[in-house]
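Everything below concerns the one structure shown next.
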């Protein structure tokens, strides 16, 4: 069982609502769903689609083809026509050419007649979709009831009536072609996007401050913080990304765990602040939600173009960490880890996500917080008679106090500084020791960074190497290569910088799979670890990497 | 009572001998001591420039960050620990030029911080280029034929944006400046004090030229009259009116709603968010019919 449904229309037509209702029907019926969005950077109009894939076991990766295409207007139909499989169903509100596997269903008329108003047309469309894939109507009725309960029983009833009409009309048009009813599976799944769980993980990690400037696809993060205001995390929309990172650094210097979130252009504005964090040794977590560049690029599309940027961003030489989750659970784990590493090493930590990860919803058996979340990041002021913020230590990490903590004064300086934090131009002793102090942290971090996950490489002669959001697609590609008799394996990097000191597990053909045109991970592994990488399967058109995309390009 | 000696710093001073910045430093130390604030209760925030080195020259908490970015850092510090007296002390190029946008939005946010702008009307540390407050027509070491754009009017801008304490001081009058700084620091809203600080190395006029033109704001000036305060702020053609231009009732400070919820202590003292609350929020993502 592996079915793919595309709901296509214009922005504002409600495709996300239809998609969400149908996705919840599958989940309620015991089937895991992966849903992703592709849309244009506009508020109304254009072509966009919600893509729902349901399977029996979670398969958290996109499909590029559709078994069912619900197209709400002719342009949307054209937009997705190539994706519809020859044996698939097309559902449209256009009733005129009603032949073969095309269901023409007048959603608006049905909604008006049965729901009382045209606004229930989307419920009629959801009904038709459910009929076309064999979902029992009772499941849809249940989901509509819970979705619209807050609007009152009349609204629920109108939605259910319109949906019923759509369902019945589709079933009667399908006639003998009505699919077999999907059996109910006894399973439940957590259904979430990566960005929506960040505030929960951050709050668990003791974060109390986020300042950010709205920028797709990162905006959902601060929005989720603001929505969950009762968790006690202060959120502020800054006047620009420069203010965002500098506010967060101020809050962090004053002792609270703090973060910011942005995308490529905003991250570019934050770069001086990242260097500052390295210099003043003040922890900060920065989510960099990637989208295609350069410059404004494709604001609502996906990419993995900023790996080398994240690793290199900032003038001068200083330690930092770059992590890249691949699904919501790993996002929780790495968010907690980001705060922990930021504090233990007093460095900036970049959490690299992307539009695909941000706007897709994954089905996981469960979502959980790590068992142990250490947040005792400040030193005990009673340990010091006089306090020096940058006191020399073997590890390069000095005990950190917040401003005024325990009656101490604390000095941070972006200039080169003495152990007490005061500006200096002592080039003979202070500067060399300060450089060494900062770089000692890099050496120690390198040992702390977790090695990549290595899968099915024992007998493999082809190994696909990826990072971040492509994990599910690469795993699926390896599965399908194995089915075809190819000896394929994969390696996945979730912790990317400092590069963990690992060798290639064996001799084989290594190819990276990346959402960029130049093979940034390949360059990193060649240059940083001396790995021999034969080539890169890259994608830079703004769409997510799917297994089919990989298979079509596999050597 | 805090003694001024408690604010002594052993850090070597890098200012030019005789720089009026020494007057601002002396006035600030006196103001802090007379307000009975201990050094650990004060957080000095600065950007980059000669003025921005001031925090090193007295004992206090110090955040000497990036050029132009003192204001957002100070806002973050204010939110994280409102018990600190957060004071920004930086130059006109830093606060009005590189960081002008932040200052504009700080007026809107109204954090309880004091902003002291050392206004020497020149970029001194980079050796003599025009600053946002250099008067039109003045020749500099970059604007060789004279500055061709008008100076920024940040005091008037502050008043227009609802800033409830706006003053102009003179670095050559330590007594008068101390009084202004005490009022500014005690004011529980954003206060802006622009301090005329003639640059004795790159400036076009010696200190005495300013001293002759500094005039006290008349006793009958009503600091609650915003329209009048804007007029006084803009009236810098021939003289510099010094004193408190505008003092209005304190406004609700930034993050007040949040502070109503979490109390007024440092955020690092708050207990952890209850784990079961967070787990419940994750569990909500599980779809059940």
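The values are calculated or read from the model by the stated rules, or taken from the named source; none is laboratory data. Note that the structure is a prediction, hence the values are computed from the model and not measured. Counting neighbours? That spans all protein chains shown, and the Cβs are built from the backbone with ideal geometry, glycine included.
Among the residues of segment A:376-391, those identified as more than 10 Å from every other protein chain (Cβ to nearest Cβ), under 39 Å from the mean Cα position of the chain (by Cα) and within 28 Å of residue A:432 (Cβ to Cβ) are A:379, A:390, A:391.
Considering segment A:223-275, the residues that are out of contact with any strand residue (DSSP E or B) (no Cβ under 9 Å at 6 or more places or on another chain) and surrounded by 24 or more Cβ atoms within 10 Å (Cβ to Cβ) include one that is nearest to residue A:404 (Cα to Cα), namely A:255. Screening segment A:258-288 for residues that are under 20 Å from residue A:217 (Cβ atoms) and in a strand (DSSP E or B) and picking the one that is farthest from the other protein chains (Cβ to nearest Cβ) gives A:288. Residues in segment A:188-198 that are in contact with a helix residue (DSSP H, G or I) (Cβ under 6 Å, 6 or more places away or on another chain) and more than 9 Å from every other protein chain (Cβ to nearest Cβ): 3 in all. Taking segment A:1-12 as the range and being surrounded by fewer than 22 Cβ atoms within 10 Å (Cβ to Cβ), in contact with a helix residue (DSSP H, G or I) (Cβ under 8 Å, 6 or more places away or on another chain) and under 19 Å from residue A:47 (Cα atoms) as the test, only A:10 passes.
In this structure, is residue B:232 under 22 Å from the mean Cα position of the chain (by Cα) and crowded, with 20+ Cβ neighbours inside 10 Å? Even if it seems obvious, please write down each step before you answer.
On the way: under 22 Å from the mean Cα position of the chain (by Cα): yes; crowded, with 20+ Cβ neighbours inside 10 Å: yes.
Criteria met by residue B:232.
Name every residue in segment B:61-88 that is more than 7 Å from chain A (Cβ to nearest Cβ) and in contact with a strand residue (DSSP E or B) (Cβ under 7 Å, 6 or more places away or on another chain), in order of residue number.
Once the filter is applied, which keeps residues that are more than 7 Å from chain A (Cβ to nearest Cβ) and in contact with a strand residue (DSSP E or B) (Cβ under 7 Å, 6 or more places away or on another chain), segment B:61-88 yields B:70, B:71, B:78, B:85, B:86, B:87, B:88.
State all residues of segment A:131-171 that are away from chain B (no Cβ under 14 Å), part of a helix (DSSP H, G or I) and within 17 Å of residue A:182 (Cα to Cα); if no residue qualifies, say none. Once the filter is applied, which keeps residues that are away from chain B (no Cβ under 14 Å), part of a helix (DSSP H, G or I) and within 17 Å of residue A:182 (Cα to Cα), segment A:131-171 yields A:131, A:132, A:133, A:167, A:168, A:170, A:171. Taken over segment A:274-298, the criterion of being closer than 30 Å to residue B:42 by Cβ and without any contact (Cβ under 8 Å) to a residue 60 or more places away in the chain is satisfied by A:275 alone. When segment B:262-272 is filtered for residues that are touching a strand residue (DSSP E or B) at 6+ places or on another chain (Cβ under 9 Å) and either closer than 11 Å to residue A:203 by Cα or in a loop (DSSP other than H, G, I, E, B) (or both), only B:270 remains.
Scanning segment A:199-214 for residues that are more than 7 Å from chain B (Cβ to nearest Cβ) and in contact (Cβ under 8 Å) with a residue 60 or more places away in the chain turns up A:201, A:202, A:205, A:207. Going by what's in this entry, would residue A:373 be described as within 14 Å of chain B (Cβ to nearest Cβ) and either part of a helix (DSSP H, G or I) or closer than 30 Å to residue A:34 by Cβ (or both)? Answer is yes for this residue.
Can you spot a residue in segment B:260-270 that is buried (at least 19 other Cβ atoms within 10 Å of the Cβ), away from chain A (no Cβ under 14 Å) and touching a residue at least 24 places away in the same chain (Cβ under 8 Å)? Checked against the condition, which is being buried (at least 19 other Cβ atoms within 10 Å of the Cβ), away from chain A (no Cβ under 14 Å) and touching a residue at least 24 places away in the same chain (Cβ under 8 Å), segment B:260-270 yields no hits at all. For residue B:46, the requirement of being more than 8 Å from chain A (Cβ to nearest Cβ) and touching a strand residue (DSSP E or B) at 6+ places or on another chain (Cβ under 9 Å) is met. Looking at B:133, B:126, B:157 in this structure, which one is over 15 Å from residue B:192 (Cα atoms), free of Cβ contacts under 8 Å to residues at least 60 places away in the same chain and buried (at least 19 other Cβ atoms within 10 Å of the Cβ)? Within the list B:133, B:126, B:157, the selection yields B:133.
The set of residues in segment A:475-504 that are under 23 Å from residue A:446 (Cβ atoms) and buried (at least 16 other Cβ atoms within 10 Å of the Cβ) comprises A:491, A:492, A:493, A:494, A:495, A:496, A:497, A:498, A:499, A:500, A:502, A:504.
If we scan segment A:230-242, do we find a residue that is without any contact (Cβ under 8 Å) to a residue 24 or more places away in the chain and more than 7 Å from chain B (Cβ to nearest Cβ)? Within segment A:230-242, one or more residues are without any contact (Cβ under 8 Å) to a residue 24 or more places away in the chain and more than 7 Å from chain B (Cβ to nearest Cβ). Just one residue in the set A:26, A:34 is more than 20 Å from residue A:217 (Cβ to Cβ) and either in a loop (DSSP other than H, G, I, E, B) or in the same structural domain as residue A:170 (by TED's automatic domain parsing) (or both); that residue is A:26.
If I filter segment B:21-47 down to residues being outside any helix (DSSP H, G or I) and surrounded by 24 or more Cβ atoms within 10 Å (Cβ to Cβ), which single residue comes out as farthest from the chain's Cα centre (by Cα)? This residue is B:42. Pairing residues of segment B:235-253 that are loosely packed, with under 15 Cβ neighbours inside 10 Å with residues that are part of a strand (DSSP E or B), at Cβ distances under 6 Å and at least 6 apart in sequence or on separate chains, gives B:239/B:215. Given the structure, is residue B:193 farther than 27 Å from residue B:126 by Cα and not in a loop (DSSP other than H, G, I, E, B)? Criteria not met by residue B:193.
For segment A:364-394, a residue qualifies if it is touching a helix residue (DSSP H, G or I) at 6+ places or on another chain (Cβ under 6 Å) and more than 30 Å from residue A:197 (Cα to Cα), and exactly one does: A:381.
Please verify whether residue A:293 is in a loop (DSSP other than H, G, I, E, B), surrounded by fewer than 23 Cβ atoms within 10 Å (Cβ to Cβ) and at pLDDT 95 or above, treating the condition exactly as stated.
yes
Taking the criterion of being assigned to a strand (DSSP E or B) and surrounded by fewer than 24 Cβ atoms within 10 Å (Cβ to Cβ), the only residue of segment B:49-88 that qualifies is B:85. Give the residue, chosen from B:56, B:78, that is closer than 20 Å to residue B:197 by Cβ and either touching a helix residue (DSSP H, G or I) at 6+ places or on another chain (Cβ under 8 Å) or in contact (Cβ under 8 Å) with a residue 24 or more places away in the chain (or both). Matching residue, one of B:56, B:78: B:56.
Taking the criterion of being within 30 Å of the chain's Cα centre (by Cα) and buried (at least 21 other Cβ atoms within 10 Å of the Cβ), the residues of segment A:143-195 that qualify are A:143, A:144, A:189, A:190, A:191, A:192, A:193, A:194, A:195.
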